[in-house]
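Notes follow once the structure below has been shown.
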């Protein structure tokens, strides 16, 4: 069973995972609607908790949350390799992020995801985990390519 541990987004063995995440985000989303953070930005940003799922030594998924208020964080860069999807790994990463956020004293997690068909499985996952649609939060504004979700912890 793959393990999940806190790590740095700049770990050399994450380059392929990060590149594939970026390619997917840019494949079907207009540039002005892409809100992902690259590895350097995540590493430099205060308040980021970044986690990697590894199957042995192979990184197969990742997820992070960014504190946006004392008791509120945003899920960022949640991704599982395409060939590993359908195995419950995304749910495990999401549950790990929720548990870590609770441990960090957070009361709410929110996220932005796309409206395009490629994001439908992600939206179903988040809704099944208790997230509900909400207005834009933080610095986000209404965007026809974005869905905003939140959950009380």
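Contact annotation: residue pairs with Cβ atoms under 7 Å, 6 or more positions apart or on different chains, pairing a residue in the stretch 64-85 that is on the phi > 0 side of the Ramachandran plot with a partner that is surrounded by 14 or more Cβ atoms within 10 Å (Cβ to Cβ) and in a strand (DSSP E or B), are 77/62; 77/63; 77/64.
Would it be correct to say that residue 111 is more than 21 Å from residue 10 (Cα to Cα), surrounded by 17 or more Cβ atoms within 10 Å (Cβ to Cβ) and within 14 Å of the chain's Cα centre (by Cα)? Yes. Once the stretch 137-153 is narrowed to residues that are in a loop (DSSP other than H, G, I, E, B), surrounded by 15 or more Cβ atoms within 10 Å (Cβ to Cβ) and touching a strand residue (DSSP E or B) at 6+ places or on another chain (Cβ under 8 Å), the residue that is modelled with the highest pLDDT is 153. Note on the stretch 116-136: among residues that are touching a strand residue (DSSP E or B) at 6+ places or on another chain (Cβ under 7 Å) and modelled with pLDDT under 95, the one that is nearest to residue 87 (Cα to Cα) is 122.
For the stretch 25-37, a residue qualifies if it is surrounded by 16 or more Cβ atoms within 10 Å (Cβ to Cβ) and either at pLDDT 65 or above or within 14 Å of the chain's Cα centre (by Cα) (or both), and the qualifying residues are 25, 35, 36, 37.
Suppose we filter 5, 40, 19 for residues that are at pLDDT 95 or above and either in a strand (DSSP E or B) or surrounded by fewer than 16 Cβ atoms within 10 Å (Cβ to Cβ) (or both); which single one remains?
None of the others qualify; the one that does is 5.
Here residue 82 meets the list (1) within 19 Å of residue 124 (Cα to Cα); (2) touching a strand residue (DSSP E or B) at 6+ places or on another chain (Cβ under 8 Å) almost entirely, failing just condition (2). The condition (being assigned to a loop (DSSP other than H, G, I, E, B), within 20 Å of residue 148 (Cβ to Cβ) and over 12 Å from the mean Cα position of the chain (by Cα)) is satisfied by just one residue among 106, 127: 106.
In the set (1) in contact with a strand residue (DSSP E or B) (Cβ under 6 Å, 6 or more places away or on another chain); (2) under 22 Å from residue 20 (Cα atoms), the condition left unmet by residue 109 is number (2).
The values are calculated or read from the model by the stated rules, or taken from the named source; none is laboratory data. No experiment lies behind these values; they were computed from the predicted model shown. Methodologically, a virtual Cβ is constructed for each residue, glycine included, from the backbone with ideal geometry; neighbour enumeration extends over all protein chains shown.
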